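Chemist: I'd like to ask you about the structure that follows.
The values are calculated or read from the model by the stated rules, or taken from the named source; none is laboratory data. Predicted model, so just to flag it, every value in this text is computed and none were measured. When we count neighbours, we look across all protein chains shown, and the Cβ atoms used for this are built from the backbone with ideal geometry, even at glycine.
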Amino acid sequence: MAIDNSSQLDVGGRKVHGRRKGHPLRPAQQRVLEALLPRLRVPLPDPGGTLDPLSLFPRGTRAVWLEVGFGAGEHLVQQALWNPDVGLIGADIFRDGIAKLLRRVEDHGLDTVRVHDGDARELIAALPEASVERIFVLFPDPWPKARHHKRRFVQQAQLDALARILTDGGELRLATDDPSYQRWTVVEMQRHPAFAWTAERPADWRERPDDWPPTRYEEKAVQQGRRPIYLRYVRRPRNRAGG
């Protein structure tokens, strides 16, 4: 989900670029935000503490998946419907998108979705090593100006953090419709030793897999003539030194 880059927030002492609020919420959105977010919000531990992600979900949840920047929640909710034995955590700061996600969660009666309405980096830092089976980073803000490239989510330091929380053989899925960010992402991912690209032919990254539901942003991009790429990487097994 591309994020408006018109502002920056200070969350936990870190700069988070993007917007937290858009248009005023409609009454139904405000209601669901007030009713559901307190119950579904991920409780972060004290600084330096560790969060057990499986403890957030009903008994019998076999794995945890994480989506960073879930937009309006279409992808996250569909994955929850397709994978009822998986707990899904969505991280986003945009209040309008959070409200839309919660409406979908309420409509479907889902109990396997949790929300972190703050800096995703804080959540990632609190998760234990090898505790997440799959991570989605779909259509992040491309920050097209060169002076803003340091704000892009796909950076070596951030990939280090994602590699830490992914299980061996766990999957990182990335999508972008921005040509500059497409090149950037492939280069950054190829540089990182913990990730192996699964693509064997062009169709593997040009076509969205069947188990990868679309988003409204993606559909709009395609209608406007932009061609997204769909990248899938697996976490290589850790060596004895923990790398």
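Chemist: Which residues, taken from the range 140-166, are under 13 Å from Glu188 (Cα atoms) and of a type in the set (Val, Ile, Thr)?
Modeler: Val154
Chemist: Please go through the range 110-126 and give me each residue that is farther than 15 Å from Phe57 by Cβ and not in a helix (DSSP H, G or I), ordered by number.
Modeler: Asp117, Gly118, Asp119
Chemist: Considering only the range 37-46, I want to know if a residue exists there that is within 29 Å of Trp205 (Cα to Cα) and assigned to a helix (DSSP H, G or I). Can you show your working first?
Modeler: Going residue by residue through the range 37-46, those that are within 29 Å of Trp205 (Cα to Cα) are none.
No: the range 37-46 contains no residue that is within 29 Å of Trp205 (Cα to Cα) and assigned to a helix (DSSP H, G or I).
Chemist: Right, next: Report yes if Gly48 is small (Gly, Ala, Ser), exposed (fewer than 12 other Cβ atoms within 10 Å of the Cβ), modelled with pLDDT of 90 or more and more than 19 Å from the chain's Cα centre (by Cα), otherwise no. Give the derivation first.
Modeler: On the way: small (Gly, Ala, Ser): yes; exposed (fewer than 12 other Cβ atoms within 10 Å of the Cβ): yes; modelled with pLDDT of 90 or more: no; more than 19 Å from the chain's Cα centre (by Cα): yes.
So Gly48 does not fit the description; no.
Chemist: Continuing with this model, one more query. Just a yes or no: is a residue in the range 215-233 of a type in the set (Ser, Thr, Tyr), under 26 Å from Lys145 (Cβ atoms) and touching a residue at least 60 places away in the same chain (Cβ under 8 Å)?
Modeler: Yes - at least one qualifying residue is present in the range 215-233.
Chemist: Is there a residue in the range 86-104 that is surrounded by 12 or more Cβ atoms within 10 Å (Cβ to Cβ), within 27 Å of Pro144 (Cβ to Cβ), modelled with pLDDT of 95 or more and of a type in the set (Phe, Trp, Tyr)?
Modeler: No, the range 86-104 has no match at all.
Chemist: Which of the following residues is touching a strand residue (DSSP E or B) at 6+ places or on another chain (Cβ under 9 Å) and farther than 24 Å from Lys100 by Cβ: Asp168, Asp160, Asp177, Asp210?
Modeler: Asp168
Chemist: Which ones in the range 179-214 are touching a residue at least 60 places away in the same chain (Cβ under 8 Å) and either more than 26 Å from Ala80 (Cα to Cα) or over 19 Å from the mean Cα position of the chain (by Cα) (or both)?
Modeler: Once the filter is applied, which keeps residues that are touching a residue at least 60 places away in the same chain (Cβ under 8 Å) and either more than 26 Å from Ala80 (Cα to Cα) or over 19 Å from the mean Cα position of the chain (by Cα) (or both), the range 179-214 yields nothing.
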